1. Set the Förster distance to 22 Å, then compute FRET efficiency between Arg134 and Lys248 from the Cβ-Cβ distance, nearest 0.05.
2. Going through the range 166-262, which GluC sites (Glu not before Pro) have at most 14 other Cβ atoms within 10 Å and a DSSP loop state?
3. With a Förster radius of 45 Å, plug the Cβ-Cβ distance of Asp192 and Lys156 into 1/(1 + (r/R0)^6) and report the FRET value to the nearest 0.05.
4. Around Val26, under 9 Å between beta carbons, what's the net of Lys plus Arg minus Asp minus Glu among the other residues?
5. Using Cβ counts within 10 Å as a stand-in for footprinting exposure, how do Phe184, Phe221, Phe153 rank, fewest first?
6. Which trypsin sites (Lys or Arg not before Pro) does the range 192-262 hold that lie in a coil by DSSP with at most 10 other beta carbons within 10 Å?
7. With the crude spin-label approximation of a point 7 Å out along Cα→Cβ, what separation in nm comes out for Asp204 versus His32?
8. Where in the range 196-213 does the amide nitrogen come within less than 16 Å of the point 7 Å from the Cα of Ser228, taken along Cα to Cβ?
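Read the figures in this text as sums done on the coordinates, not as results from a lab. These numbers were taken from a predicted model, which means no experiment stands behind them. In this analysis, Cβ positions are derived from the backbone assuming ideal geometry, glycine residues included, and neighbour counts consider all displayed protein chains.
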Amino acid sequence: MTCEEALRRLYEVIDKEASEIDVKEVQEHLAHCENCMARYEFEAMFKTFVCDKASSSPKADDLKKRILTRIDESEDKPNRFFNRPFRYQAVIIAAAAALILCIVAAFSVAGYYRYHTFIEPFENCHMAGVQAYRTSQADDPAIDPRDPEVLAFLQKSIPVTVNDSMPGFLMIGSCLDNIQNCRFAHFQYAHDQSLVSLFVGNDDGINLPGFEQVTIDGIDFYQYTCKSCQIMYWKENGMIMVAVSEDKTLELSEIRTVLSAI
């Protein structure tokens, strides 16, 4: 097997998509070819590193700084490179630059996936409720904001009662929403000039990654701010509560006062 043939099958071997015969032939070639072995080790390490960093929480900026620091340290010690052909220096620098770009891209993709999978569904339900209220219900005080189906769901499934009115919050509507294959009671409140959604559901494997943790009055809250809304959630007694508002200055933890344990 030539180097060209080995490199052509290299990615299939790394991705575990090659046949047993191809894997054996590539392994035999790598055992006798240092250049191809070095390429194989780099590609395998690169893939593992990017996949690992894309699913973890450290920020890309910190990673870029560490990589650039390593490059600077290498440049301060030129003797390490003098015994190698110039092309190896170029390969190392190019690989480092590619690594930085891929890490940034990986974090961007991970952030995009996290937002559209875990955050946008709550945001969309909130905005739909806001639109419905502003277009059809705002001038009809006779409408009861407590939907009987929502109250029945709470009574059957969740050990909590939701108050119609508390200082600063006035309930204006309610409905049931399905998010992440779980049912939530969705309550809408008026607060000053803004509207706030409160989703109440069972904590049955609900996953909301990428939120910043803050502790208020001994309770752990998790908050996230995007371009159009801010979102905060907390968990109590097997339940998860998610609050959403377009008003980014509002202390969303205040809406917890509308809940009372049964």
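1. With R0 = 22 Å, the Cβ-Cβ based efficiency is 0.70.
2. The qualifying sites are Glu251.
3. Result of the calculation: an efficiency of 0.85.
4. Computed value for this residue: -3.
5. With the sparsest Cβ surroundings first, the list reads Phe153, Phe221, Phe184.
6. Counting only loop positions with at most 10 other Cβ atoms within 10 Å, the trypsin sites (Lys or Arg not before Pro) in the range 192-262 are Lys227.
7. Taking the simple label geometry, Asp204 and His32 are separated by 6.1 nm.
8. Hits in the range 196-213 for Ser228 at 16 Å: 196-197.
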